[in-house]
Amino acid sequence: MLSKIGALAFEKGFLELGSEFSTELQPTSLTEPSWVVTSPQLASEIGLDARFIEDQESLDILSGNQVPTHIRPFASVYSGHQFGVWAGQLGDGRAISFGQIAHQGNAWEIQLKGAGSTPYSRMGDGRAVLRSSIREFLCSEAMHHLGIPTTRALAITSSPTPILRETLETAAVVTRVAPSFIRFGHFEHFAANGLHEQLQTLCNYVIQYHYPHLKKSDQPYLELFKEVLERSARLVAQWQSVGFCHGVLNTDNMSILGLTLDYGPFGFMDKFSLNHICNHTDSQGRYSYANQPSIFYWNLVRLAQALLPVIADDDSDEAMEAAIEKIKPLLSQFSEIYQQHYRKLMSQKLGFQKGVGQESNELIQELIKILDNNHVDYTYFFRNLTKVIHQPSDPILKDLIIDRDSFDQWLYKYLNFLNTFNLPLSEITLQMNQVNPKYILRQHLAQNAITLSQSGDHSLTKALQRCLVHPFDEQPEFEDFAKLPPEWAEHLEVSCSS
Ligand code: AMP
Ligand code: MG
């Protein structure tokens, strides 16, 4: 285990693709940096001793104030569709990569988000504020421990430097870590500019490092698309099953590895509503909870279009037509793959023991309707359902429901169905508690941590980090984090401002 960031053996990674893919540059330094929080779990996964926090040089490196000579920082270029409209060139406007390291056979790219402007910053200042950095840090680590694929976060460093958003805030840098930060938008960029050779180079790079089993395929690019589609379908099913809304599902925020990427105005739903919109800026509800799977499909169609030139044998109309015909059947499978994952995950949440069938499907659908009509707290409901299984007269859930007759009818059918498995209820509820988190990053918890951290006290941010590492365990010291949210939480608004 290494005790200094600077001791990690950085390789060029994405930078090796050349200047059409990224720009070499130095981060902009941050005045008076200090640690806010770190993830000891991630540190150990990348071969770093958790005590790296004691090293002044590590603080300077992760604040962008010092770059060891073996690190060659860069920002990458990508394009994308934002809110359904082609936005043209975007790129890492405030994320600066240090390249990649390898540990125990895994490659990790390490990136500073908020480390200053880049050639892709457009009108932005290249900075991130403490508020959004805490949200990104806590949620990436929470998602990972929920078992949901995501980019990770190693640390936040902060500075008194003022940053102007709606109000005056302060700057911070999140150290993000992932096998790769390549987005659908990277492929769209080269396709839209007619740079087919570079598009192919990018595909080969992704296959080489992240889908190496496809190297021997006869149709590696088609297979690549198929695997991205499968991973994406699974990811969005996992989001739906925990009530997570991303908020800005633009194609430049879609990971080619099927990771949750770019935490902005995201939110775990408290009160369940199919039409829930977590991003205050999304007035049309394009990225509402219920729309997420179809938006994934829409984004995958954009990726498919971008990949057509490399899937086709040549540039002729016939070859393009043939490529379209190859990709169409894959796209048409998306909905079924998604549904299968979703039903399986929901069945597990409800403690069903056998494969998904008609009866379990009906129970899932009826329950979703009840939760939606009554705006029941989603996480609380599933976690406390086990209590009602053991004691059907327990009012813990009924008290949250207005239409109690519907719930009673559903509960009657549900309990009967559970009985058909001939398993002790204690065994079923034990399994349920392993998939229904007790602790999630509720909006008000994140907000409380932010408010305190903004005053210089990071204890709540750190406590949440520790708690969310074990989302399925009973943790009496964190009981308050599992309570229903206070009323003011309903009026919290998050926007793209970050
Ligand atoms: P996002 O909505 O955070 O995914 O960002 C969309 C695009 O805007 C990306 O190209 C970002 O790099 C860029 N961007 C967002 N905020 C800033 C900022 N403060 N400075 C520079 N670029 C930014
Ligand atoms: Mg983004």
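The values are calculated or read from the model by the stated rules, or taken from the named source; none is laboratory data. This structure is a prediction, so every number in the text was calculated from the model and none was measured. Please note: Cβ atoms are built from the backbone with ideal geometry, for glycine as well, and neighbour counts cover all protein chains shown.
Residues checked against (1) polar (S, T, N, Q); (2) surrounded by fewer than 18 Cβ atoms within 10 Å (Cβ to Cβ); (3) more than 30 Å from Thr157 (Cβ to Cβ):
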| residue | (1), (2), (3) |
| --- | --- |
| Thr420 | yes, yes, yes |
| Gln431 | yes, yes, yes |
| Leu441 | no, no, no |
| His458 | no, no, no |
| Gln465 | yes, no, no |
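Do the conditions hold for Gly243, that is, is it out of contact with any Pro (no Cβ under 6 Å at 6 or more places or on another chain), within 16 Å of ligand 2 (Cβ to nearest atom) and not aliphatic (A, V, I, L, M)?
no
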task: Those residues that are more than 11 Å from ligand 1 (Cβ to nearest atom) and not aliphatic (A, V, I, L, M), I need them from the range 236-265; list them, please.
output: Gln238, Trp239, Gln240, Ser241, Gly243, Phe244, Cys245, Ser255, Gly258, Thr260
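Can you confirm whether Ala304 is of a type outside the set (D, E, K, R), surrounded by fewer than 18 Cβ atoms within 10 Å (Cβ to Cβ), at pLDDT 95 or above and at negative phi? Spell out how you get there, then give the answer.
Values: of a type outside the set (D, E, K, R): yes; surrounded by fewer than 18 Cβ atoms within 10 Å (Cβ to Cβ): no; at pLDDT 95 or above: yes; at negative phi: yes.
When the stated conditions are applied, Ala304 does not pass them.
Please find, among Glu325, Glu336, Glu318, Glu359, the residue that is in the same structural domain as Lys413 (by TED's automatic domain parsing) and in a helix (DSSP H, G or I). Please lay out each step first, then the result.
Details: Glu325 fails: in the same structural domain as Lys413 (by TED's automatic domain parsing); Glu336 fails: in the same structural domain as Lys413 (by TED's automatic domain parsing); Glu318 fails: in the same structural domain as Lys413 (by TED's automatic domain parsing).
From the options Glu325, Glu336, Glu318, Glu359, the qualifying one is Glu359.
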query: Does any residue of the range 219-240 turn out to be within 16 Å of ligand 2 (Cβ to nearest atom), out of contact with any His (no Cβ under 9 Å at 6 or more places or on another chain) and not in a helix (DSSP H, G or I)?
result: no
message: Being without any contact (Cβ under 8 Å) to a residue 12 or more places away in the chain and either not assigned by TED's automatic domain parsing to the domain that holds Leu445 or not in a loop (DSSP other than H, G, I, E, B) (or both) is the filter here; which residues of the range 470-486 pass it?
response: Pro476, Glu477, Glu479, Asp480
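Please verify whether His213 is in a helix (DSSP H, G or I), within 16 Å of ligand 1 (Cβ to nearest atom), in the same structural domain as Lys328 (by TED's automatic domain parsing) and not aliphatic (A, V, I, L, M), treating the condition exactly as stated. Working first, answer last.
Working: in a helix (DSSP H, G or I): yes; within 16 Å of ligand 1 (Cβ to nearest atom): no; in the same structural domain as Lys328 (by TED's automatic domain parsing): yes; not aliphatic (A, V, I, L, M): yes.
In short, no.
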message: Please verify whether Glu54 is in contact with a strand residue (DSSP E or B) (Cβ under 6 Å, 6 or more places away or on another chain), farther than 30 Å from Tyr287 by Cα and among the acidic types (Asp, Glu), treating the condition exactly as stated.
response: no
Sole exception among (1) surrounded by 24 or more Cβ atoms within 10 Å (Cβ to Cβ); (2) within 11 Å of ligand 1 (Cβ to nearest atom) for Arg165, by number: (1)
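Restricting the search to the range 459-469, which residues are assigned to a helix (DSSP H, G or I) and either of a type in the set (A, V, I, L, M) or out of contact with any Ser or Thr (no Cβ under 6 Å at 6 or more places or on another chain) (or both)?
Within the range 459-469, the subset assigned to a helix (DSSP H, G or I) is 459-467.
Of everything in the range 459-469, those that are assigned to a helix (DSSP H, G or I) and either of a type in the set (A, V, I, L, M) or out of contact with any Ser or Thr (no Cβ under 6 Å at 6 or more places or on another chain) (or both) turn out to be Ser459, Leu460, Lys462, Ala463, Leu464, Gln465, Arg466, Cys467.
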- request: Please go through the range 127-137 and pick out each residue that is under 17 Å from Asn253 (Cα atoms) and within 9 Å of ligand 1 (Cβ to nearest atom).
  value: Ala128, Ser132
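One residue is enough: does the range 46-60 have a residue meeting the conditions charged (D, E, K, R), in the same structural domain as Ala128 (by TED's automatic domain parsing), surrounded by fewer than 22 Cβ atoms within 10 Å (Cβ to Cβ) and more than 21 Å from Ser158 (Cβ to Cβ)?
Narrowing the range 46-60 to residues charged (D, E, K, R): 49, 51, 54-55, 57, 60.
Those still in the list that are in the same structural domain as Ala128 (by TED's automatic domain parsing) too: 49, 51, 54-55, 57, 60.
Now narrow it down to the ones that are surrounded by fewer than 22 Cβ atoms within 10 Å (Cβ to Cβ): 49, 51, 54-55, 57, 60.
Right, trim to more than 21 Å from Ser158 (Cβ to Cβ) and you get 49.
The answer is yes; a qualifying residue exists.
From Gly91, Gly84, Gly80, Gly105, grab the single residue that is outside the structural domain of Ile256 (by TED's automatic domain parsing), within 14 Å of ligand 1 (Cβ to nearest atom) and out of contact with any helix residue (DSSP H, G or I) (no Cβ under 6 Å at 6 or more places or on another chain).
On the way: Gly84 fails: within 14 Å of ligand 1 (Cβ to nearest atom); Gly80 fails: out of contact with any helix residue (DSSP H, G or I) (no Cβ under 6 Å at 6 or more places or on another chain); Gly105 fails: within 14 Å of ligand 1 (Cβ to nearest atom).
It is Gly91.
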message: Please determine whether any residue of the range 51-59 is assigned to a strand (DSSP E or B) and of a type in the set (Ser, Thr, Tyr).
response: no
- request: Could you look through the range 142-152, keep only residues that are crowded, with 24+ Cβ neighbours inside 10 Å and in a helix (DSSP H, G or I), and pick out the one that is nearest to ligand 2 (Cβ to nearest atom)?
  value: Met143
